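Just below is one structure, and these are the notes that go with it.
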Amino acid sequence: MDTAGNDDWTAQLAAAQAWWREAGVDHTYVDEPTGWLAAPAEAGPTAPSAPPPAVSVAPPPAATRIGGDRARRPATLADFGEWWLTEPTLDPAPAERRMLPRGAAGAALMVLVPMPEAEDRGELLSGAQGRLLTAILAAFGFARDDAYLASVVPSPAPAVDWAALAAAGLGEVLAHHVALAAPRRLIVFGRDVSPLLGHDPTQAAPNLTHFELESGSVPMLVAPSLAALIGKPALKRALWRRWLDWTEV
């Protein structure tokens, strides 16, 4: 019996199988379609399966409104500071990381920034942005202590979804704050907080001139953020021209 031919054929077959395995084909395949999803043949009547047990799904808890219970919000600016430092819905940061607003009610000008600076130590706007603000106020004819300085949120944050915060009630908190401060004018540094000022972010860029309150409205100027103004003489000149136009009204 000639076994040499068989040995050659066996070696060729093994080589072919090894080639297909290297190519990732390690199962047997056929050309005819197979009904893999077909139902198995009936083996006779069976008892109907029991219906699944009913599941009671409780409604999700209502979203927490920023500012908490309206009835417990401070009624005077003198009481606002303690609430600003301790109200848990305002900010996850502890009291020692929050920055109090500064100034007295009825100021000629209220300055509002989105949040404290990361550099702030001990008081709001004590870093580089605060030094720029002091120079801006001096150009406008104000001493720093003559203005009421406040932030929209109590502590710095790396990224903020202002539209989401507005939907959660932060705009109401801001309106309450402005009403307690009762300034004669309001300047907002940071156009990204416009959803809190009554602007629909899905619409075109706002031309906001007044902050609306239940008791009336406050003349408002919305300017670039202090961070954007640092080192930008062109933006500072544009702000100066807008200030002159605004204060002539």
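Values quoted throughout were computed directly from the atomic coordinates according to the rules given, and no laboratory measurement underlies them. Owing to the predicted nature of the structure, the values given are computational and were not obtained by experimental measurement. Counting neighbours? That spans all protein chains shown, and the Cβs are built from the backbone with ideal geometry, glycine included.
Tabulated values for the structure
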{"read-out": "Within the stretch 75-247, percent of DSSP bridges classed antiparallel, to nearest 5", "value": "30"}
{"read-out": "Exposure proxy order (Cβ contacts within 10 Å, fewest to most) of SER215, SER194", "value": "SER215, SER194"}
{"read-out": "Footprinting exposure proxy for VAL178, VAL193 (fewest neighbouring C-beta atoms within 10 Å first)", "value": "VAL178, VAL193"}
{"read-out": "Spin-label model distance (nm) - ALA108 vs ASN207, 7 Å beyond Cα toward Cβ", "value": "2.8"}
{"read-out": "Ranked GLU123, GLU214, criterion: other C-beta atoms within 10 Å, fewest first", "value": "GLU214, GLU123"}
{"read-out": "In Å, descending, principal axis extents of the Cα set of the stretch 124-218", "value": "35, 34, 25"}
{"read-out": "Calculated SAXS-style log₁₀ I(q)/I(0) at q = 0.13, 0.14, 0.19 Å⁻¹ - the stretch 75-247, Debye, Cα scatterers", "value": "-0.61, -0.71, -1.46"}
